[in-house]
Each structure stands twice: as C-alpha cells, then as structure tokens.
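Below: one structure, written as structure tokens.
The values are calculated or read from the model by the stated rules, or taken from the named source; none is laboratory data. Every value quoted in this text rests on a predicted model; they were computed, and no experiment measured them. Glycine also receives a Cβ, built like all others from the backbone with ideal geometry; neighbour counts cover every protein chain displayed.
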Amino acid sequence: MAWLKEDANTDPPVWIRLSLWTAVCLAVAVVCACAVGCGTTKWTETRRTATEQLLISDSMDQAVGRLDFRALSGKKVYLDDTYLKDVVDANYLVSSLRQQLLAHGAILREKKEEADYVVEVRSGAVGTDMHSVLVGIPQVNLPPAVSAVGLPTALPEIPLIKKTQQSAVTKILLFAYNRRTGRPLWQSGAVLAKSDASDVWIFGTGPFQKGTIYQGTQFAGERLPIKLPDVPLIDLSTQREPVSLLEEAFYAEPLGELSQESSNTSQEQKGTSTPSRDSTGTQAGEVATKPSSSPPREPQVPSAPTLVMPSQGPAPQVASPMTPQIWPAFPPQ
C-alpha cells in the first residue's frame with residue numbers, strides 16, 4: 001500500500017481497479033445464478049380437433065344458407081328434427097335452421113299442435129375426409145434384425161413437397177306439409193355443401209394453410225399478405241331433369257280445403273253456435289206470447305231494417321207503425 005502513503009489523491013494502480021471490477025461482476029453473476037428459475041406450461045387437447053369442428057360447422061352454414069324459406073313466410077311452423085338425433089353436431093344444425101326460418105319470416109312454434117305447417121329435416125351426410133400427397137422419400141420401416149444391432153427401426157420421412165387436405169361435407173333435405181291435411185307445401189331438394197382446409201410444406205418449410213375456414217393464406221397459424229390462385233370449376237351440364245325428390249319445388253294447396261280448415265278453426269276458437277228452436281218455433285231466449293182473439297192481420301213488411309249484434313244474443317224486434325207490439329209476458333199473479 002505504498003501508493004496510499006505517497007499521495008492520498010493518487011489513483012490506485014490498474015491491477016487494483018481490475019480486481020475490484022472482477023469481484024463486482026462475480027458477485028452479480030452469483031446472485032443471478034441463484035435467482036434463475038423455470039416455468040412450465042400445461043398443454044391439453046380436446047377429443048376433436050378445432051379444425052374438424054370448424055370444417056363441419058362451416059359446411060353446415062353453407063348448406064343452411066342456400067335454403068329459401070319464403071314459401072313459409074308468415075306461417076306458423078314447427079321444425080321436426082326427429083331424424084337428426086344421431087348426426088354429428090345436430091344441435092348446431094337445428095339452431096341454424098331455426099334462425100334461417102325466422103330470417104325468412106316464418107313464425108316458429110315449440111309444439112307441433114300449435115303449428116299449421118311442419119318442416120321435416122333429414123341429413124344424408126355429415127362427416128370429414130382427409131387426403132395426403134408426398135413428393136420425396138416416405139417413411140420406411142426396417143426389418144426387426146436391424147433393430148437388434150442398435151439401429152433405428154424406421155427411416156424418417158424426407159419430404160420435398162407435402163400436402164395434406166381435410167374436407168367436410170353436409171347434405172340435408174327438407175320438406176314442409178300442412179299438419180291438418182297432410183298435403184305438401186314445399187321441398188328443398190338435396191342441398192350439398194363442402195368445406196376444406198389444406199396444409200402445404202415446401203422443402204420442410206410450413207405449413208402454408210389455405211381453405212374455406214381460413215381468411216386468406218396462413219403460415220403456421222399467422223396470416224400472410226398473399227393470395228394463392230384458385231382453380232376455377234366449370235359446370236358444363238346445361239340440361240335439367242324433371243322435378244324429383246332432389247330438386248326444389250313448390251306445391252299449390254287446394255283452396256277449398258284451406259277455406260274449410262280456416263272456418264273450422266275460427267268456429268272452434270270463438271265457440272259460437274246457431275240458436276236452436278223448440279217444437280213451438282220459439283227461439284232460445286225469447287218469451288212465448290198468447291195468441292190474440294182478434295182476427296189475424298195480413299203480414300206487412302217492416303219499414304226499418306233489422307239490426308243484428310252478434311255479441312248481444314238474438315236480434316231485437318224493431319217497432320214500426322205497421323206491425324203489432326210484442327211485450328214480454330208477465331207471470332200470473
């Protein structure tokens with residue numbers, strides 16, 4: 001410590017300053033090493049993948065969106081989903097159909113007895129398919145003798161270009177009929193919709209995702225500002241077959257049956273009935289009068305019209321100068 005005795009204002013040697021800096025760095029390193037921790041993340045998977053659920057729901061949305069329920073506008077409708085019990089995601093399909101009915105002006109009823117028309121729906125297909133294409137060396141399984149030596153049991157896949165495509169299909173058919181008469185009103189024909197999603201790997205880079213459930217093209221879940229060209233599909237068929245079960249058709253109901261059904265319904269709701277007369281010809285609610293001893297007069301046409309009020313029972317008698325007055329009979333005293 002000779003440098004301290006010579007001059008207190010003199011800076012310490014370089015080696016002293018380096019030693020102090022090294023000690024500080026070591027102390028910071030030790031503290032950081034003691035403070036190092038680790039974290040874990042729990043990953044879970046559902047029974048069905050999100051891609052599968054999106055594909056099925058998207059195909060259902062497309063199929064339901066093509067239905068035209070204008071024939072049921074303003075009518076009381078009950079949706080019969082009896083034949084959709086075993087269909088995948090049946091609740092989503094039924095709810096979409098109810099929404100489409102409401103959008104076209106139909107009046108939904110929760111009970112079949114409260115509706116005038118019944119819409120019956122059935123499904124021909126609701127499911128998914130998957131296809132895969134590989135350009136490169138596929139995975140090769142080695143014989144068991146090679147694994148005994150300590151080598152791997154299979155050679156890994158070496159793809160140059162790989163594409164995996166998954167698609168979903170929904171096919172539904174609907175028809176409507178009058179609940180009372182059983183006559184048809186409308187049928188939708190076969191409505192077929194398809195949704196797809198594809199993943200592409202190029203020289204190990206990917207996946208590039210594209211399909212109806214994506215908005216544009218994505219790379220590993222992130223959207224890319226590019227759009228891959230679509231291949232147009234051209235339908236060359238120009239002839240149409242006669243109306244069959246698989247085509248949309250409208251049916252005209254007989255007017256006679258409709259008027260009869262409406263009259264019966266109105267009478268049941270109002271509960272009105274025609275007043276009956278007894279053997280003496282007296283209408284219910286009228287009081288019989290004793291015959292007069294004077295000779296009968298010739299009938300005269302009343303000068304005033306008869307006023308009929310449905311809510312007040314029988315029609316009142318209108319007095320006129322040419323007709324005799326009819327007064328209620330008093331009980332004998």
Can you find a residue in the stretch 36-44 that is closer than 18 Å to ALA125 by Cβ, at pLDDT below 95 and surrounded by fewer than 10 Cβ atoms within 10 Å (Cβ to Cβ)? no
Answer from LEU102, LEU93 - the residue that is surrounded by 19 or more Cβ atoms within 10 Å (Cβ to Cβ) and either without any contact (Cβ under 8 Å) to a residue 12 or more places away in the chain or within 17 Å of ILE56 (Cβ to Cβ) (or both): LEU93
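To keep it simple, each residue is scored yes or no on (1) at negative phi; (2) of a type in the set (D, E, K, R).
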residue	(1), (2)
ALA168	yes, no
ALA176	yes, no
ARG180	yes, yes
ARG183	yes, yes
SER188	yes, no
ALA197	yes, no
TRP201	yes, no
GLY204	no, no
State whether the residues of the stretch 66-75 include one that is under 24 Å from THR128 (Cα atoms) and either basic (Lys, Arg) or over 11 Å from the mean Cα position of the chain (by Cα) (or both). yes
Is there a residue being over 29 Å from ARG179 (Cα atoms), assigned to a loop (DSSP other than H, G, I, E, B) and either under 23 Å from the mean Cα position of the chain (by Cα) or of a type in the set (Ser, Thr, Tyr) (or both) anywhere in the stretch 143-153? yes
Let me spell it out: the conditions are (1) modelled with pLDDT of 75 or more; (2) touching a helix residue (DSSP H, G or I) at 6+ places or on another chain (Cβ under 8 Å); (3) over 30 Å from GLN165 (Cα atoms); (4) among the polar types (S, T, N, Q), and THR10 meets all of them except one. Which number is the exception? (1)
State which residue pairs qualify: first residue more than 13 Å from GLN165 (Cβ to Cβ) and inside the stretch 205-216, second residue modelled with pLDDT of 85 or more and of a type in the set (Val, Ile, Thr) in any location, beta carbons under 8 Å apart, and separation of 6 or more residues or different chains. GLY206/VAL200
Looking at the stretch 110-120, can you tell me whether even one residue there is among the acidic types (Asp, Glu), crowded, with 16+ Cβ neighbours inside 10 Å, under 30 Å from TRP186 (Cβ atoms) and in contact (Cβ under 8 Å) with a residue 24 or more places away in the chain? yes
Before we move on, is LEU79 of a type in the set (A, V, I, L, M, F, W, C) and either in a loop (DSSP other than H, G, I, E, B) or within 11 Å of the chain's Cα centre (by Cα) (or both)? no
Of the residues in the stretch 82-116, those that are outside any loop (DSSP other than H, G, I, E, B) and touching a Leu at 6+ places or on another chain (Cβ under 8 Å) come to ALA90, LEU93, VAL94, LEU97, ARG98, GLN100, LEU101, LEU102, LEU108
Could you tell me whether LYS162 is crowded, with 18+ Cβ neighbours inside 10 Å and either closer than 21 Å to THR51 by Cβ or modelled with pLDDT under 90 (or both)? yes
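Residue-wise test of (1) under 23 Å from ALA71 (Cβ atoms); (2) touching a Pro at 6+ places or on another chain (Cβ under 6 Å); (3) at pLDDT 80 or above; (4) in a loop (DSSP other than H, G, I, E, B).
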| site | (1), (2), (3), (4) |
| --- | --- |
| GLY206 | no, no, yes, no |
| ASP235 | no, no, no, yes |
| PRO242 | yes, no, no, yes |
| GLU261 | yes, no, no, no |
| THR274 | no, no, no, yes |
Taking the stretch 55-71 and keeping residues closer than 21 Å to PHE175 by Cβ and among the hydrophobic types (A, V, I, L, M, F, W, C) leaves MET60, ALA63, VAL64, LEU67, PHE69, ALA71
Of the conditions (1) assigned to a loop (DSSP other than H, G, I, E, B); (2) buried (at least 17 other Cβ atoms within 10 Å of the Cβ); (3) among the hydroxyl-bearing types (Ser, Thr, Tyr), the single one that THR181 does not satisfy is (2)
